[in-house]
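Beneath this line is the structure, given in structure tokens, with notes to follow.
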Amino acid sequence: MGYSPKVIISLFCSYMLILHITCSAVIPALALKDCEFPAIFNFGDSNSDTGGFAASSLPSTPTPPYGETYFHMPAGRFSDGRLIIDFLAKSLGHPYLSAYLDSLGTNFSYGANFATAASTIRLPDFILPAGGFSPFYLDIQYLQFLQLKSRSQLIRRRGGIFASLMPKEEYFSKALYTFDTGQNDLGEGFSGNLTIQEVNASVPDIITGFSTNIKKIYDLGARSLWIHNTGPIGCLPYIQANFPSAQKDEIGCAKAYNEVAEHFNHELKQAIVQLRKDLPKAAFTYVDVYSVKYSLFKEPEKYGFELPLVACCGYGGKYNYNGTAECGAIITVNGSQIFVGSCKNPSTRVVWDGIHYTEAAAKFIFDKISTGAYSDPPLPLKQACQRSLN
């Protein structure tokens, strides 16, 4: 009877431990095969929205100069160009993901993107257009995925022109499931005038909502899950400008707000540890994007960037950010109308519009995290179907 590579590694490690030899030095020698991910299903917020928010006709849809760097026009992304999820899709040999909410020219044969800007994990208190957050929170994104899975197979069985635009049934168990969400849950607390302590206290409930949806998505076939933690929110110009009295850390970021993000990330990582126990047939990869993003604010020159705390596209103040004069807006200053445009060279900037990252930063972040150096387990993206031995 043959044994799988993972069983062989586990047995080998046990034997080496008897000899008091650590297994960590041995595993790299037993090279794991790259996974075959025929599709990607993404869940999240504006960090990975490729057109869902724009297609929903909600207010604040990206307008010029959004998209100017790569697409040369607004492309449903809250950036000057491509996002981490775009680079991820291309690295796996797939086209950019179509937004589930986009009904025009979409192709779901390689997966779908359920992320929409302003989305949260929990149901937000104030939903657009009356409030500032998307109605497509994670529970709804799960329901959309449920719809896609069932209805896409009906369409495939019927045949015709749309059949080829749907994912094959076997793709759902073989696909890579990616998640980048939670930042807006923290942001909702900050914008709702909760104290730092109150936002921290809300984190366990937020994480519970995340884990609940992960289990439901698992029940629909997900087996390889690539989960980003949240970034250093206290370094973003919109936090800096809205909370100017916040104590700064050694590089000028709002310390307490980053500590909330770190608390969220700690709880998220612990939740993934539990999910591995609850769902042993799934491969969970926890990806520390926080550390990579923070490095851009800490040592920008080292990586070819400048002015990391200042928005490229914005207007006014120390951080070039004003919530009433956002990127792409036309404002009146001293009786004259001014278009809020981008900086001269977005490729050297970290933050695009005060909230989101530039394409250049997204490319840098993807290049770092795809190696596995910031992952738990420390496997590269293309091996994210491998289950942890721990």
statement: Given the conditions (1) open to solvent by 50 Å² or more (accessible area, probe 1.4 Å); (2) aliphatic (A, V, I, L, M); (3) within 30 Å of S109 (Cα to Cα), every one holds for L138 apart from (1)
- prompt: Could you list, in sequence order, the residues of region 156-188 that are without any contact (Cβ under 8 Å) to a residue 24 or more places away in the chain, open to solvent by less than 50 Å² (accessible area, probe 1.4 Å) and touching a helix residue (DSSP H, G or I) at 6+ places or on another chain (Cβ under 6 Å)?
  reply: A163
message: For the structure I just gave you, tell me whether G323 is modelled with pLDDT under 95 and under 25 Å from A362 (Cβ atoms).
response: yes
- request: Return the total of residues in region 343-368 being open to solvent by 40 Å² or more (accessible area, probe 1.4 Å) and under 26 Å from the mean Cα position of the chain (by Cα).
  value: 6
Cross-chain or 6+ apart pairs with Cβ under 9 Å, region 31-57 first and in contact (Cβ under 8 Å) with a residue 60 or more places away in the chain and within 15 Å of R223 (Cβ to Cβ), then acidic (D, E) and surrounded by fewer than 22 Cβ atoms within 10 Å (Cβ to Cβ): P38/E170
task: Run down T332, T371 and say which single residue is more than 20 Å from the chain's Cα centre (by Cα) and either free of Cβ contacts under 8 Å to residues at least 60 places away in the same chain or in a helix (DSSP H, G or I) (or both).
output: T332
- prompt: Quick one: in region 217-256, which of the residues that are within 30 Å of L92 (Cβ to Cβ) and polar (S, T, N, Q) is surrounded by the fewest Cβ atoms within 10 Å (Cβ to Cβ)?
  reply: S224
query: Here are some residues: A31, A112. Which one is open to solvent by less than 20 Å² (accessible area, probe 1.4 Å), more than 13 Å from the chain's Cα centre (by Cα) and either under 30 Å from E169 (Cβ atoms) or at pLDDT below 95 (or both)?
result: A112
- request: Sort out which residues of region 291-324 are outside any loop (DSSP other than H, G, I, E, B) and closer than 18 Å to K248 by Cβ, and write them in order of number.
  value: K293, Y294, S295, L296, F297, K298
message: Step by step: first the residues of region 64-108, then only those that are in a helix (DSSP H, G or I) and among the aliphatic types (A, V, I, L, M), then the one that is surrounded by the most Cβ atoms within 10 Å (Cβ to Cβ). Which residue is that?
response: I84
message: Of everything in region 314-328, what is in contact (Cβ under 8 Å) with a residue 12 or more places away in the chain and either under 19 Å from S79 (Cα atoms) or buried (at least 22 other Cβ atoms within 10 Å of the Cβ) (or both)? Give them in sequence order.
response: G314, Y315, Y319, N320, Y321, N322, G323, A325, E326, C327, G328
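The values are calculated or read from the model by the stated rules, or taken from the named source; none is laboratory data. Being a predicted model, the structure only gives us computed values, none of them experimental. With ideal geometry, Cβ positions are generated from the backbone for all residues, glycine too; neighbour counts draw on all protein chains shown. Heavy atoms of the whole protein, side chains included, go into the accessibility calculation; ligands, DNA and RNA do not. Shrake-Rupley method; radii C 1.70, N 1.55, O 1.52, S 1.80 Å.
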